[in-house]
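Have a look at the structure below, then the notes.
The values are calculated or read from the model by the stated rules, or taken from the named source; none is laboratory data. The structure displayed is predicted, hence computed values, not measured ones. Every residue, glycine among them, receives a Cβ derived from its backbone with ideal geometry; neighbour counts consider all protein chains shown. Accessible surface is based on the protein model in full, side chains and every heavy atom, while ligands, DNA and RNA are left aside. Shrake-Rupley method; radii C 1.70, N 1.55, O 1.52, S 1.80 Å.
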Amino acid sequence: MIKRVLITGANAGLGKETAKQLASRHEVEKIYLGCRNIDKALAAKTELEQITGRKIFHILKIDVCDHASVKTAVQELDHSIDALVMNAGGTGGKNFDHVNSNGVTEIFAVNLLGHSLLTQELLKTGKLTKIAVYAGSEAARGVKEMGMKRPALPTSSEEEFTAICDGSFFGKSQDATIPYGSIKYMGALWMSAMARRHPHVKFITMSPGATTGTEGFNTLPTLKQYLMKGMMQVMLWLGKVHNVEVGAKRYINGIFNKELKNGVFYASKNGLTGKICDQSTLFSDLNSTEYQENAYRAIQRFL
Ligand SMILES: NC(=O)c1ccc[n+]([C@@H]2O[C@H](COP(=O)([O-])OP(=O)(O)OC[C@H]3O[C@@H](n4cnc5c(N)ncnc54)[C@H](OP(=O)(O)O)[C@@H]3O)[C@@H](O)[C@H]2O)c1
C-alpha cells in the first residue's frame with residue numbers, strides 16, 4: 001500500500017498533476033508537496049484541494065539546489081514516506097551553467113545532485129520505505145525529433161561524469177539542452193546503482209515523455225522559449241507529444257506498476273510519446289554496471 005508520497009517540484013506542471021492523480025487513489029492518505037516557493041505551494045495546495053475534494057496535501061519547503069534546505073526538509077518530515085517522486089528539474093534557469101557553492105552547475109543541482117542528497121538523507125533516517133521514482137528524459141538517449149543528439153561521452157568514466165557535474169565537460173555553451181541530456185543519462189545510471197545498494201526500495205527512472213502544458217520552457221531565452229513552445233504545439237497536433245495528464249500518468253505507473261523492474265529506466269519506445277520500454281534496449285550504455293558505478297561515485301564527490 002502506498003499511503004504517503006513526497007513529490008518535489010509539486011506546485012506546477014507534472015508535479016502538481018501527479019499530486020492530483022495520486023489523490024484519486026483512496027489508499028493515498030498524505031501527499032507532501034515539496035516546493036521551494038511557499039506562495040506558489042499554497043496556491044497549488046488550494047487548487048488541488050478544490051479539484052480533488054480531499055485535504056491530504058501538506059507543504060514541505062524544499063529547495064533541491066540548497067543542501068541545507070534538503071536536510072531540513074527531511075528532518076521536518078513528520079512521518080516516513082512510501083514513495084518519493086523526484087520531479088523538480090528542467091533546464092536550470094537563466095544561469096543554468098553557473099557553478100554553485102557545492103561545485104556543480106545549477107542545471108546539475110536541480111536535476112540530480114539535490115535529489116541524490118534527498119534520497120540519501122531519507123534512506124539514512126529510515127524515511128523512505130518502498131519506491132523512488134526519478135524524472136528521466138528521452139534526451140538521455142537522444143531525441144532525433146527534437147534535434148537532440150545522444151550524449152557523447154567517449155568513456156562514461158568517473159572523471160567524465162565529474163566534468164558533467166561541474167559543467168567543465170561542456171565548455172562555454174548557451175544551450176541548456178546540451179547538458180540536460182547528459183545529466184538525465186547520469187541520473188538513470190545513478191538510479192541503477194542505488195537499486196543495487198538499497199534492495200529494500202525499488203528505484204524506477206521514468207520519463208514523463210514530451211509533455212505540453214507545463215512551465216518547463218519558461219526560463220529559456222525568449223526566442224528559444226517561443227521556438228520550443230511553438231514546436232511542442234505543432235507536435236501535439238501531429239500526435240508526437242502529449243498533455244500533462246498523460247505525462248503524470250507515467251509517474252503513477254512508475255509508482256504502482258509491479259511489473260516494472262527495479263533499477264530500470266523507462267521512457268518512450270519510439271519518439272517521445274506512446275508506449276514505454278526499458279531504454280537500455282535502445283541505448284545499451286545504460287546497462288553497464290561500470291558506468292552506473294562511475295556515475296554514482298562522481299555524484300558522491302559533491303555530497
Ligand atoms: N515537460 C516535458 O516535456 C518533460 C520531458 C521529460 C522530462 N521532464 C522532466 O519532468 C520534470 C518536471 O518538468 P515540468 O515540465 O513539469 O517542469 P515545470 O512545469 O517547470 O515544473 C518544475 C517544478 O520544479 C520546481 N523546481 C525548480 N527548481 C526547483 C528547486 N531548486 N527546488 C525545488 N523545486 C524546484 C518548480 O518550482 P518553481 O515554480 O518554484 O520554479 C516547479 O514546481 C523535470 O525534471 C523535467 O526534466 C519533462
Which residues, counting only those in segment 245-269, are assigned to a strand (DSSP E or B) and of a type in the set (A, V, I, L, M, F, W, C)? Phe265, Ala267
Enumeration of residues in segment 137-149 that are assigned to a loop (DSSP other than H, G, I, E, B), at negative phi and within 16 Å of the ligand (Cβ to nearest atom): Ser137
Could you look through segment 79-103, keep only residues that are open to solvent by 30 Å² or more (accessible area, probe 1.4 Å) and free of Cβ contacts under 8 Å to residues at least 60 places away in the same chain, and pick out the one that is nearest to Thr129 (Cα to Cα)? Ser101
Any chance you could count how many residues in segment 44-78 are open to solvent by 60 Å² or more (accessible area, probe 1.4 Å) and either modelled with pLDDT under 95 or within 12 Å of the ligand (Cβ to nearest atom) (or both)? 3
Restricting to helices (runs of 4 or more DSSP H) lying wholly in segment 150-244: which have 3 or more residues that are crowded, with 23+ Cβ neighbours inside 10 Å and of a type in the set (Phe, Trp, Tyr)? 177-197
Please specify each residue of segment 118-136 satisfying the condition of being among the polar types (S, T, N, Q) and either touching a Pro at 6+ places or on another chain (Cβ under 9 Å) or in a helix (DSSP H, G or I) (or both). Thr119, Gln120
Suppose the filter is surrounded by 20 or more Cβ atoms within 10 Å (Cβ to Cβ), among the hydroxyl-bearing types (Ser, Thr, Tyr), more than 20 Å from Pro208 (Cβ to Cβ) and in contact with a strand residue (DSSP E or B) (Cβ under 7 Å, 6 or more places away or on another chain); does Thr119 pass it? no
Among the residues in segment 104-112, are any crowded, with 22+ Cβ neighbours inside 10 Å and more than 12 Å from the ligand (Cβ to nearest atom)? yes
